[in-house]
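Some notes on the structure that comes next.
A short reminder: the numbers here are calculations on the coordinates, not readings from a lab. Predicted, not measured: the structure shown is a model, and the values here were computed from it. Don't worry about glycine lacking a Cβ; one is built from the backbone with ideal geometry, like all the others, and counts go over all protein chains shown.
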């Protein structure tokens, strides 16, 4: 398994995802998007499984802070400009991707291992 958790330390769902993998002794790589934003290639890889519109957290503080609810936006460009707009965590396992806290899917990954 090659688990990557993408999020921020201040996101409670990201912390829960980290705890989920730590409790099961599953090694993972954590990527804090507030320190190192997503690159265009990484976003493309994620968008092969999840649509870019599903990635945008329209209920999040960053979305509200930028007043994006009042604009018609290109979600892809906005995510590349500000990676903190994504719903967190984004968890990748090879070609598989989940957005948000989804332990039932992660359990399937672990059992298939």
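At a glance:
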| item | result |
| --- | --- |
| Principal axis dimensions, largest first and in whole angstrom, of segment 3-112 by Cα | 43, 26, 23 |
| Which of 78, 23 has the fewest Cβ neighbours within 10 Å, and the rest in rising order | 23, 78 |
| Value of relative contact order over segment 3-112, rounded to a whole percent, pairs C-alpha under 8 Å and six or more apart | 36 |
